[in-house]
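Below you'll find the structure, written out as structure tokens, and then a few comments.
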Amino acid sequence: WKIADGKRVLIKGGSNPYQQEPLCEVIASGIAERLCIPHTKYTLLWEHEKPFSVCQDFITSETELVSAYHIMQSRKKPNDLSDYEFYLNCAEQLGVKNIREQTEKMIVLDFLIGNEDRHFNNFGLIRNAVTLEWIGVAPIFDCGTSLWYNTQESLIKPLSPNLPAKPFKKTHREQIKLVKDFSWLDMKKLKGMEEEMEEILSQSPYISRERRTVLCDAFCQRAELLGEIANEHTIKEDISQENDMIF
């Protein structure tokens, strides 16, 4: 943590061999911006020829971040509830609005970028630290361990049904099934994201042209798969509504 221009910012580096995590943060931030998903904006900082991600602290002197883990510790989990529904129920009991909608958007973003580390301390809620009043869902943050950040090019398989996920299911293919509403998702807004991603990745001497090509193509395949899943879900919803009207 540092103070820059009078503002508290978090500066994070990457890991060998690709030093890719800071770039992933910026790319994920750009995707979230296009899809109107509440998020923490990240920028790039280069120091000693190494990339660092920079984001402003979204917590103030009067607010605090309470992780999903601690939210779920506030009540005893019923045996008939999944972790997903239990987390939503806990937040709803606290009076947090739009919790399902915002959590679904997080799941969609993580699906797109293949985020591997959305554990229960990596998202949560914000409350007033003085009055203890719940303010709402925290903006999405910490997306660095995504986009195959440490995977060799030959091993990147963007359409694998076994792409690991957290926190509610073990794979993204299973976790995306938790999303009940895709009506907000406009895939056309991702037009040009491949070029933006290429431009960001091209700044790094640690990422070869071949790797950039593989990563950009992998993202495009994830986006195409998400579009297919969303369309299929919409068709099923339309058929279900028609059947309800008939009966």
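The values are calculated or read from the model by the stated rules, or taken from the named source; none is laboratory data. Quick caveat: nothing in here was measured; it's all calculated off a predicted structure. Note that we place each Cβ from the backbone using ideal geometry, even for glycine, and neighbour counts take in every protein chain shown. Just the protein is used for accessible areas: all its heavy atoms, side chains included, with ligands, DNA and RNA removed. Shrake-Rupley method; radii C 1.70, N 1.55, O 1.52, S 1.80 Å.
Please pick out the residue among F120, F86 that is closer than 17 Å to P167 by Cβ, open to solvent by 10 Å² or more (accessible area, probe 1.4 Å) and hydrophobic (A, V, I, L, M, F, W, C).
When all the criteria are applied, what remains is F120.
Residues that are of a type in the set (A, V, I, L, M), open to solvent by 20 Å² or more (accessible area, probe 1.4 Å) and free of Cβ contacts under 8 Å to residues at least 12 places away in the same chain occur at least once in region 150-160. Given the conditions (1) more than 16 Å from the chain's Cα centre (by Cα); (2) more than 14 Å from F111 (Cα to Cα), and given that D142 satisfies all but one, which numbered condition is not satisfied? Going through (1) more than 16 Å from the chain's Cα centre (by Cα); (2) more than 14 Å from F111 (Cα to Cα) one by one, D142 breaks only (1). The number of residues in region 167-182 that are in a loop (DSSP other than H, G, I, E, B) and buried (at least 17 other Cβ atoms within 10 Å of the Cβ) comes to 5.
When I37, I31 are screened for being among the β-branched types (V, I, T), in contact with a Pro (Cβ under 9 Å, 6 or more places away or on another chain), under 27 Å from L226 (Cβ atoms) and not in a strand (DSSP E or B), only I37 passes.
Restricting attention to region 43-83 and to residues that are hydrophobic (A, V, I, L, M, F, W, C) and without any contact (Cβ under 8 Å) to a residue 40 or more places away in the chain, the residue that is surrounded by the most Cβ atoms within 10 Å (Cβ to Cβ) turns out to be L45. Screening region 5-30 for residues that are β-branched (V, I, T) and free of Cβ contacts under 8 Å to residues at least 60 places away in the same chain and picking the one that is most open to solvent (accessible area, probe 1.4 Å) gives I11. Scan region 183-198 for residues that are among the hydrophobic types (A, V, I, L, M, F, W, C) and either open to solvent by 70 Å² or more (accessible area, probe 1.4 Å) or assigned to a helix (DSSP H, G or I) (or both) and the total you get is 4. Taking first residues from region 164-183 that are of a type in the set (G, A, S) and partners that are open to solvent by 30 Å² or more (accessible area, probe 1.4 Å) and at pLDDT 95 or above, the Cβ contacts under 9 Å between residues at least 6 apart in sequence or on separate chains come to A165/E116; A165/R173; A165/E174.
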